[in-house]
Amino acid sequence: MFFRQVIGQEGIKRSLLQSVNDGRVSHAQLFAGPDGSGNLPLALAYAQYVSCLNKQENDSCGECPSCRKYHKLIHPDLHFVFPVVKTPKFKDPVSDNFLEEWRATVTKNAYFDLDQWFGLIGAENAQGLIYSNESEEIIRKLNLKSFEAEFKVMIIWMPEKMHVACANKLLKMIEEPPNKTLFLLVAENEEDLIVTIRSRCQLVKFPPIDDVSMKEALVNVPEADGANVDTIVHLARGNFRKALELLQPDEVSAFNLESFKELMRSSYGRKFLDLFTWSESMSNIGREKQKSFLLYGMKLLRENFVSNLKNSELVFMDDNEADFSKRFAPFINERNIIQLSELFEEAFNHIAMNGNPRIIFTDVAFKTTKLIRK
Ligand SMILES: [Zn+2]
């Protein structure tokens with residue numbers, strides 16, 4: 001990974017480059033940034049630069065033996081630790097068990113989140129961790145002599161997911177590091193890290209990606225061809241992973257939008273038979289989808305209410321939603337927004353508490369009929 005492949009974050013790149021060129025590489029650094037801000041790709045670019053044998057002024061050379069191995073993430077002095085899951089094959093898993101999948105994922109697109117990662121290693125609903133036995137692996141690797149590079153680099157992704165026993169051993173390693181070792185902790189919620197580790201690391205704090213850099217990056221994404229890039233930039237709020245997701249509107253959001261439209265149209269037209277049909281079909285989609293729909297409904301109600309204020313900065317809708325909103329928004333006003341939102345919220349809570357979906361969705365349908373004409 002090169003610095004130039006990392007989206008935005010120019011200030012952080014500059015200070016990292018400066019510190020290497022001044023010979024002030026701090027041995028334990030915490031790259032803390034929100035989802036999609038690019039702290040993992042920047043950690044990789046930084047590690048590659050530190051290890052590059054022919055450093056250029058602003059980036060690694062890309063051609064020396066070190067860069068070539070970094071390119072494939074196979075440098076023998078580059079080590080990774082990340083959350084993993086227990087599987088029938090790996091009952092006491094460590095990161096190395098999933099190293100192939102990790103390399104494939106990161107080289108393809110280093111902007112991904114924990115859910116995607118767990119999905120990729122076949123454990124969508126599992127609770128993954130950096131398990132306690134990972135600490136022995138860390139110690140073993142760091143006690144190895146460095147093979148080729150000046151620095152041994154250990155990139156720990158999502159250290160906040162580390163088992164406390166492992167975290168305590170890691171703390172000792174950070175306190176008394178083997179010579180020429182660089183720990184890069186790449187965290188999303190640094191407050192969840194144990195304080196003693198946090199206080200021993202130099203904090204590099206990542207803001208969300210700025211809009212200009214985000215737009216530049218999206219123009220090069222094939223899926224953005226024909227899409228409304230300005231809207232995507234606005235909706236993504238500095239999260240590149242989210243922007244990529246928005247370029248591929250998934251079936252779930254399409255379903256939610258269509259269901260919402262149907263409810264609102266039938267309610268406004270007082271088509272009671274249609275409302276019964278709607279409630280019936282919603283009661284059969286399963287609890288997770290029902291919750292997802294109700295949350296989505298709350299969001300869309302808010303957006304439509306706010307869009308009446310004619311301040312586009314405050315509105316977060318994609319093209320399909322905005323299209324529907326043109327005619328729908330005037331029906332959401334200060335006389336019904338609170339009651340409608342509460343209706344959806346209450347339904348969400350009842351679904352979450354295993355209430356009867358048929359009764360709950362019928363209730364939503366008929367109350368909406370009253371409220372939509374206020
Ligand atoms: Zn190089």
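Filter segment 270-287 down to residues that are assigned to a loop (DSSP other than H, G, I, E, B) and in contact with a Ser or Thr (Cβ under 7 Å, 6 or more places away or on another chain), then give me how many there are.
1
So which helices (runs of 4 or more DSSP H) stay within segment 1-72 end to end and still have 1 or more residues that are charged (D, E, K, R) and modelled with pLDDT of 95 or more? In segment 1-72, the matching helices (runs of 4 or more DSSP H) lie at 10-21, 65-71. Considering the conditions (1) under 30 Å from residue 8 (Cβ atoms); (2) surrounded by fewer than 17 Cβ atoms within 10 Å (Cβ to Cβ), residue 334 is excluded by exactly one of them, (1). Can you find even one residue in segment 90-101 that is within 10 Å of the ligand (Cβ to nearest atom) and of a type in the set (Gly, Ala, Ser)? No, that holds for no residue. Cβ-Cβ distances below 8 Å connect the following pairs, each with a first residue in segment 161-183 that is assigned by TED's automatic domain parsing to the domain that holds residue 46, a second residue that is at pLDDT below 90 and small (Gly, Ala, Ser), and a separation of six or more residues or different chains: 161/128; 180/146.
The set of residues from segment 231-262 being over 16 Å from residue 320 (Cβ atoms) and in a helix (DSSP H, G or I) comprises 233, 236, 240, 241, 242, 243, 244. Selection over segment 278-304 of residues that are surrounded by 19 or more Cβ atoms within 10 Å (Cβ to Cβ) and hydrophobic (A, V, I, L, M, F, W, C) gives a count of 6. Do we find that residue 146 is more than 29 Å from residue 64 (Cβ to Cβ) and either surrounded by 17 or more Cβ atoms within 10 Å (Cβ to Cβ) or in contact with a Lys or Arg (Cβ under 9 Å, 6 or more places away or on another chain) (or both) in this structure? When the stated conditions are applied, residue 146 does not pass them. Just checking, does segment 110-118 include any residue being within 26 Å of residue 150 (Cα to Cα) and within 16 Å of the ligand (Cβ to nearest atom)? Checking segment 110-118: not a single residue is within 26 Å of residue 150 (Cα to Cα) and within 16 Å of the ligand (Cβ to nearest atom).
Restricted to segment 142-164, and to residues that are modelled with pLDDT under 90 and in a helix (DSSP H, G or I), which residue is farthest from the chain's Cα centre (by Cα)? The residue in question is 143. Residue-level analysis places residue 266 among those that are under 18 Å from residue 365 (Cα atoms), among the hydroxyl-bearing types (Ser, Thr, Tyr) and in a helix (DSSP H, G or I). Residues that are touching a residue at least 60 places away in the same chain (Cβ under 8 Å) and within 16 Å of the ligand (Cβ to nearest atom) were ranked within segment 26-48; the one that is surrounded by the most Cβ atoms within 10 Å (Cβ to Cβ) is 46.
Hey, among the residues in segment 317-374 that are of a type in the set (Asp, Glu) and in a helix (DSSP H, G or I), which one's farthest from the chain's Cα centre (by Cα)? This residue is 363.
Listed by first and then second residue, the pairs with beta-carbon distance under 7 Å, at least 6 apart or on different chains, first residue in segment 49-73 and of a type in the set (Asp, Glu), second more than 6 Å from the ligand (Cβ to nearest atom) and part of a loop (DSSP other than H, G, I, E, B), are 59/2.
The residues of segment 336-358 that are farther than 20 Å from residue 373 by Cα and among the aliphatic types (A, V, I, L, M), listed by number, are 347, 351, 352, 353.
Please verify whether segment 72-84 includes one or more residues that are over 15 Å from residue 149 (Cα atoms) and within 16 Å of the ligand (Cβ to nearest atom). Looking through segment 72-84, at least one residue is over 15 Å from residue 149 (Cα atoms) and within 16 Å of the ligand (Cβ to nearest atom).
Cβ-Cβ contacts under 9 Å between residues 6 or more apart (or on different chains), taken from a first residue in segment 199-211 that is part of a loop (DSSP other than H, G, I, E, B) to a second residue that is surrounded by fewer than 16 Cβ atoms within 10 Å (Cβ to Cβ) and among the hydroxyl-bearing types (Ser, Thr, Tyr), are listed as 201/26. Scanning segment 165-192 for residues that are part of a loop (DSSP other than H, G, I, E, B) and within 17 Å of residue 40 (Cα to Cα) turns up 188, 189.
The values are calculated or read from the model by the stated rules, or taken from the named source; none is laboratory data. These numbers come from a predicted model, not from an experiment. Virtual Cβ from ideal backbone geometry, glycine too; neighbours counted across all protein chains shown.
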